[in-house]
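In what follows, a structure is listed as structure tokens, so that the remarks can point back to it.
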Amino acid sequence: MLRATLILSVALWSIPVAAETALTSRDAIDRLNDEVANILKQLADPTAGNAFATAPRIGNGVRTDGNNPLGQYFPVAGTDKVSFSECGSDESVIIDASLVLPTSETCKSLPGTGTPSFPNSASVRWVYDADKNGFFVTAGADADKTMAAGAQFVDCSTVPSSLLLAARKARDGVEGVVGPSDALSALNVASDKKTEASPTERATVQQCKTVDEFWTLQSAQTLERAEDRLIGVTREAPRTM
């Protein structure tokens, strides 16, 4: 069985502060904080294979199969797949790009949808602190991008090198997927879009300094097991749906 694989698309994590659109409930805030904790737990697992994909184009779309759900999606570089997040869900799925019809409609148009809504509010912001040599990680930021007191700190030495390689690609506007060979093979990533990286290698100080801010999107199951994930990475905060 393939080892657990975490794939992240380049999107960049967020920090818990007053969001541009105020959270509507304590439950919503707790849900965002749980999202941060879950991502950090995934990254801390030394047995997991971590893969990361840049997500330069995030759009709204309707699936043409099943119950035709509305959601947010981004193309997985070098493949014929997209990562699709249904409105209101904190899980994403990898599906054929042909199954998604682009639309201008947003999650806010659905009756009973809270503000901000998943999947947008599930994005996570990472901000590098040179004095502490690590990242403050949160699930929201205000207009001034100031950090909240509740932000979780992650030491540079514990961050997967492959995540920062993907974040660097995102910052430079280069599309691609970074991860272990089995994850790249499972996604059938084109040779010119894939970068093999050991899932156990951790970042250097220099790597952390070169990507001082980025965002990650909520993860999607990509292989046979629930632990095998794909996570998007971007250089800018995803726009609110």
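The values are calculated or read from the model by the stated rules, or taken from the named source; none is laboratory data. Since this is a predicted model, take the numbers as computed values, not measurements. All Cβ positions, even for glycine, are placed from backbone atoms using ideal geometry, and neighbour counts span all protein chains on display. SASA here: full protein model, heavy atoms, side chains in, ligands and nucleic acids out. Shrake-Rupley method; radii C 1.70, N 1.55, O 1.52, S 1.80 Å.
One residue is enough: does segment 81-89 have a residue meeting the conditions open to solvent by less than 40 Å² (accessible area, probe 1.4 Å), at pLDDT 90 or above and of a type outside the set (S, T, N, Q)? Yes, there is a match, as at least one residue in segment 81-89 is open to solvent by less than 40 Å² (accessible area, probe 1.4 Å), at pLDDT 90 or above and of a type outside the set (S, T, N, Q). Taken across segment 202-215, residues that are over 11 Å from the mean Cα position of the chain (by Cα), crowded, with 21+ Cβ neighbours inside 10 Å and at pLDDT below 85 do not occur at all. For segment 138-150, state whether one or more residues are modelled with pLDDT of 70 or more, more than 19 Å from residue 43 (Cβ to Cβ) and touching a Lys or Arg at 6+ places or on another chain (Cβ under 7 Å). For segment 138-150, residues modelled with pLDDT of 70 or more, more than 19 Å from residue 43 (Cβ to Cβ) and touching a Lys or Arg at 6+ places or on another chain (Cβ under 7 Å): absent. Of the residues in segment 50-65, how many are more than 22 Å from residue 178 (Cα to Cα) and not small (Gly, Ala, Ser)? The number of residues fulfilling the criteria is 5. Residues that are open to solvent by less than 60 Å² (accessible area, probe 1.4 Å) and more than 20 Å from residue 45 (Cβ to Cβ) within segment 188-201 comprise 189, 190, 195, listed in sequence order.
Selection of first residues in segment 159-179 that are closer than 24 Å to residue 41 by Cβ and among the hydroxyl-bearing types (Ser, Thr, Tyr) and of second residues that are surrounded by fewer than 20 Cβ atoms within 10 Å (Cβ to Cβ) and modelled with pLDDT under 95, restricted to Cβ pairs under 8 Å at least 6 apart or on distinct chains, gives the following pairs, ordered by first then second residue: 161/198; 161/201; 161/202; 161/204; 161/207; 162/198; 162/201.
If I ask for residues that are of a type in the set (Ser, Thr, Tyr), closer than 14 Å to residue 77 by Cα and at pLDDT 90 or above, which ones from segment 159-196 would you list?
Narrowing segment 159-196 to residues of a type in the set (Ser, Thr, Tyr): 161-162, 181, 185, 191, 195.
Applying the additional criterion that residues be closer than 14 Å to residue 77 by Cα yields 185, 191, 195.
Within segment 159-196, 191, 195 meet the criteria.
Annotation: residue 182 fulfils all but one of (1) out of contact with any helix residue (DSSP H, G or I) (no Cβ under 9 Å at 6 or more places or on another chain); (2) open to solvent by 50 Å² or more (accessible area, probe 1.4 Å); (3) charged (D, E, K, R); the unmet one is (2). Just to verify a result, which residue in segment 33-44, among those that are at pLDDT below 75 and of a type in the set (D, E, K, R), is least open to solvent (accessible area, probe 1.4 Å)? Restricting to residues being at pLDDT below 75 and of a type in the set (D, E, K, R), the top hit is 35.
Residue by residue, here is whether (1) modelled with pLDDT under 65; (2) over 18 Å from residue 170 (Cα atoms); (3) not in a strand (DSSP E or B) holds:
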position	(1), (2), (3)
20	yes, yes, yes
31	no, yes, yes
74	no, no, no
93	no, yes, no
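Take the residues of segment 216-230 that are under 19 Å from residue 87 (Cβ atoms) and within 11 Å of the chain's Cα centre (by Cα): which is modelled with the highest pLDDT? Across segment 216-230, the extreme among qualifying residues is 217.
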